[in-house]
Structures are given as C-alpha cells and as structure tokens.
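Below: the structure, in structure tokens.
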Amino acid sequence: MRARAFRDNIDPDGLSYATWKDYAEVCGAALAPSHALSDDLGRIDYDVAPSIVEAATPRRLFIADICRFALEAADRLQADHAVFRDDFAHGAFDRIDNSYR
C-alpha cells in the first residue's frame, strides 16, 4: 500500500487475521461518513442507494449483518442510557454550569 506522510506503511502480507479485522474496522469507520454523504454533496447526480443495495451480496448475509448491527446498536444504546440514568441519580450532572450566548 502506498504510504502518505500522515499514516504508517501497512504491509498486507504481515497482518494476522485479527489485525486484518481491526484494520478493516478502522478503515470502514473512517470512510463510512464520507461515503454516506457523498451523494448529498452535489458531486453525484443520481441516487446511489440502489447501486449500493445491488452490490450488497450475498443478500441474506447483508441483511443478517445489518440486523445484527442494529440489534447490537440498540443494546449498546440501552446500556448507555442505563449508565446515564445511574450517573444522573448519583448527581453527576448537578455541577454543570449553564451558560447561554
């Protein structure tokens, strides 16, 4: 892979399976926002969603992955909310100053 001044060289042959997964997750997290907004920036003159759906194969695996992601996100949201409520009950936010412009 080609090196840039702001990132390290990565030798794909030197990555273990676990490291590949970590690398793919980081790359996906970095690229996803740009890709999600790409047709909203005026540079693409058609709806990209149908092309993405068509490319998401095998279909059953794609649907299973999306459902699994949504369920994990919902579980994470509920856990975060429970922690927030517990912190709130223990006064974690009592000392936050209100400032308005």
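Among ARG85, ARG76, which is the only one that is more than 22 Å from the chain's Cα centre (by Cα), modelled with pLDDT of 90 or more, surrounded by 10 or more Cβ atoms within 10 Å (Cβ to Cβ) and in a helix (DSSP H, G or I)? Steps first, answer last, please.
On the way: ARG76 fails: more than 22 Å from the chain's Cα centre (by Cα).
ARG85 is the lone residue from the list that is more than 22 Å from the chain's Cα centre (by Cα), modelled with pLDDT of 90 or more, surrounded by 10 or more Cβ atoms within 10 Å (Cβ to Cβ) and in a helix (DSSP H, G or I).
Mind checking whether some residue in the stretch 5-14 is at pLDDT below 85 and either of a type in the set (Ser, Thr, Tyr) or surrounded by 10 or more Cβ atoms within 10 Å (Cβ to Cβ) (or both)? Write out each step before concluding.
From the stretch 5-14, those at pLDDT below 85 are 5-14; that's our starting set.
Then drop every residue that is not either of a type in the set (Ser, Thr, Tyr) or surrounded by 10 or more Cβ atoms within 10 Å (Cβ to Cβ) (or both), which leaves 10.
Checked the stretch 5-14: at least one residue is at pLDDT below 85 and either of a type in the set (Ser, Thr, Tyr) or surrounded by 10 or more Cβ atoms within 10 Å (Cβ to Cβ) (or both).
The values are calculated or read from the model by the stated rules, or taken from the named source; none is laboratory data. Predicted model only: the values in this text are computed from it and were never measured. Please note: Cβ atoms are built from the backbone with ideal geometry, for glycine as well, and neighbour counts cover all protein chains shown.
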